[in-house]
Amino acid sequence: MRAALLLLLLQLLFPLTSAAASPQSVTGTVVEVRDGDTIEVDVGTGTVAVRLHGVDCPESGQPYGQQAARYTTRHTLGRRITVEVTDRDRYGRLVGIVWLPDGGSLNEALVAAGLAWWYRTYAPDDATLRRAEQQARDAQRGLWSRPGAVPPWEWRRGSRGDGALYSGSTSARKGIPCSRASFMVRSAFDSATSLV
C-alpha cells in the first residue's frame, strides 16, 4: 500500500519524466516570443514557457538570430498552437514539439528554413530534423549560406570568454578569442554588406 501511494505521489510530482507516461500535450495561445526557439503560451490557467525540442536557433547576437525570432513570431504570435511535451528543462520550461494551426511542426520548419540547428545532443534519433537540416545545408538556406556558421551552444561558451564567437572573423581564424563587442561589430558589418 505504501509503495503504491509513493508511486502515485511521484507520478503527480514528476509527470513529464515518467517513461511509461503517454506523451502529454498542452494547447494555448502564444503571447510572447523570447527568441527563435523559446515562446510563452497562455494555456488558460496562466502562461508557460516552452523551449522547442531538438532545435537550437542562433542567439540574437549571432547571424540569423533575429531572423529566427521573426520567423517564430510570424508563425506563432497570437495563434493557438499545441505543444507535444517531451520533457521539462533545468529552467522549468516545457520542452516539446510545437504544432502550428496548419498542422506543421515549428521545430522542423525552423531547421528546414536554415534558421536553426538540429540539436543532436537532445534529439539524437530524430530522423525528421536530421533530414531537414541536411536539405537546408545542401540548399545553402539561411545560416548555411555563410561559411563557418557557429552553432549556438559553441557561441554561448564563446560569449563567456572561452572561445571564438564567429569562426569567420580574423581573430578566430588566428585562434584568438573574439570579444562579444568585436563580434557584434563584425555581425553588423556582415549584415550591412549583405544588403548592398
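At-a-glance table
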{"item": "Long-range amide H partners of Val95 with built H, under 5 Å", "result": "Arg51, Thr86, Asp87, Arg88, Asp89"}
{"item": "Inter-centroid distance (Cα atoms) of region 32-49 relative to region 94-149, Å", "result": "20 Å"}
{"item": "In Hz, Karplus ³J(HN,Hα) per residue of region 92-100 (6.51, -1.76, 1.60; θ = phi - 60°; x = Gly, Pro)", "result": "x, 6, 6, 10, x, 8, 9, 9, 7"}
{"item": "Ordering of 54-67, 128-141 by packing [mean C-beta count within 10 Å, highest first]", "result": "54-67, 128-141"}
{"item": "Evaluated over region 14-145, the Cα radius of gyration and Dmax, each in Å", "result": "14.2, 44"}
{"item": "Phi to ³J(HN,Hα) by Karplus 6.51 cos²θ - 1.76 cosθ + 1.60 over region 59-70, Hz, x for Gly, Pro", "result": "5, 4, x, 9, x, 6, x, 5, 4, 5, 5, 5"}
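Read-outs: derived from the displayed coordinates by stated rules, not from any lab. For clarity, every value in this text was computed on a predicted model and none was experimentally measured. As a convention, Cβ positions derive from the backbone with ideal geometry for all residues, glycine included, and neighbour counts pool all protein chains shown.
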